[in-house]
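Worksheet: the structure to be examined is printed underneath.
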Amino acid sequence: MSNEDLKLRTKQFALRVIKLVESLPHDQVCRVLGNQLLRAGTSVGANYRAACRSKSTADFISKMGTVEEEADESGYWMELLVDSGKIPTTKTAALAQESGELTAIAVAAINTARKCGRR
């Protein structure tokens, strides 16, 4: 997968998170969890773009670590929304899977950079 493909994929992830958050019930729990999901989900792409502009391998690894954390955190907030009964699993299944895949991609990129000493 090219850098441009992953930039597009992370942007699409953010747009899907935005739509999910906009569709949440309007109560305090959904407002809090939705805001957390919105922050984490939209930061995946922003941090991936920053990683693409990194100045060194160490900088790349650090920025991809943030991508990993935010993608994983997005999955956590979706789990809480489902487990608290606020939304059905069917509403988050595909997006949660994408969160897991983006986390795995970030981990693989970090591991490759560590082994090769380059991006």
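The values are calculated or read from the model by the stated rules, or taken from the named source; none is laboratory data. For clarity, every value in this text was computed on a predicted model and none was experimentally measured. So basically every Cβ, Gly included, is an ideal-geometry build from the backbone, and we count neighbours across all protein chains shown.
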_When you scan the range 111-118, do you find a residue that is assigned to a loop (DSSP other than H, G, I, E, B) and either over 16 Å from Leu24 (Cβ atoms) or within 11 Å of the chain's Cα centre (by Cα) (or both), even just one?_
yes
*Single condition Ala104 does not satisfy, out of (1) surrounded by 14 or more Cβ atoms within 10 Å (Cβ to Cβ); (2) over 30 Å from Asp27 (Cβ atoms)*: (1)
*Starting from the range 4-21, take each residue that is over 20 Å from Ala51 (Cβ atoms) and list its partners that are of a type in the set (Gly, Ala, Ser), counting only C-beta distances under 7 angstrom and pairs at least six apart or across chains.*
Val21/Gly34
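If we scan the range 53-70, do we find a residue that is free of Cβ contacts under 8 Å to residues at least 24 places away in the same chain, more than 11 Å from the chain's Cα centre (by Cα) and closer than 17 Å to Leu8 by Cα? Full working, then the answer.
First, pick out the residues of the range 53-70 that are free of Cβ contacts under 8 Å to residues at least 24 places away in the same chain: 53, 55-56, 58-59, 62-63, 66, 69.
Those left that are additionally more than 11 Å from the chain's Cα centre (by Cα): 53, 55-56, 58-59, 62-63.
Still in the running and closer than 17 Å to Leu8 by Cα: 53.
Looking for residues that are free of Cβ contacts under 8 Å to residues at least 24 places away in the same chain, more than 11 Å from the chain's Cα centre (by Cα) and closer than 17 Å to Leu8 by Cα, one finds at least one in the range 53-70, hence yes.
Report yes if Val82 is more than 21 Å from Cys30 (Cα to Cα), among the β-branched types (Val, Ile, Thr) and part of a helix (DSSP H, G or I), otherwise no. Talk me through it step by step, then tell me what you get.
On the way: more than 21 Å from Cys30 (Cα to Cα): no; among the β-branched types (Val, Ile, Thr): yes; part of a helix (DSSP H, G or I): yes.
Considered against the rule, which asks whether it is more than 21 Å from Cys30 (Cα to Cα), among the β-branched types (Val, Ile, Thr) and part of a helix (DSSP H, G or I), Val82 comes out as no.
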*asked:* Condition first: without any contact (Cβ under 8 Å) to a residue 24 or more places away in the chain and crowded, with 16+ Cβ neighbours inside 10 Å. Now tell me which residues in the range 35-50 satisfy that.
replied: Leu38, Asn47, Ala50
_What pairs come out if I take residues in the range 80-107 that are touching a residue at least 24 places away in the same chain (Cβ under 8 Å) and within 21 Å of Gln12 (Cα to Cα) and pair them with residues that are charged (D, E, K, R) and assigned to a helix (DSSP H, G or I) whose C-beta lies under 6 Å away, six or more apart or interchain?_
Leu95/Arg16; Thr103/Glu68; Thr103/Asp72; Ala106/Glu68; Val107/Glu68
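Does Ile87 satisfy the criteria of being at pLDDT 95 or above, within 11 Å of the chain's Cα centre (by Cα) and of a type in the set (A, V, I, L, M)? Please lay out each step first, then the result.
Values: at pLDDT 95 or above: yes; within 11 Å of the chain's Cα centre (by Cα): no; of a type in the set (A, V, I, L, M): yes.
No, not satisfied.
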*Only one residue in Glu79, Glu70, Glu98, Glu4 is out of contact with any Pro (no Cβ under 7 Å at 6 or more places or on another chain), at pLDDT 95 or above and either among the small types (Gly, Ala, Ser) or surrounded by fewer than 19 Cβ atoms within 10 Å (Cβ to Cβ) (or both). Which one?*
Glu79
*Test: Thr92 is touching a Phe, Trp or Tyr at 6+ places or on another chain (Cβ under 6 Å) and not small (Gly, Ala, Ser)*: no
*asked:* Among the residues of the range 1-46, what is the count of those that are of a type in the set (Gly, Ala, Ser), assigned to a helix (DSSP H, G or I) and farther than 20 Å from Asp83 by Cα?
replied: 4
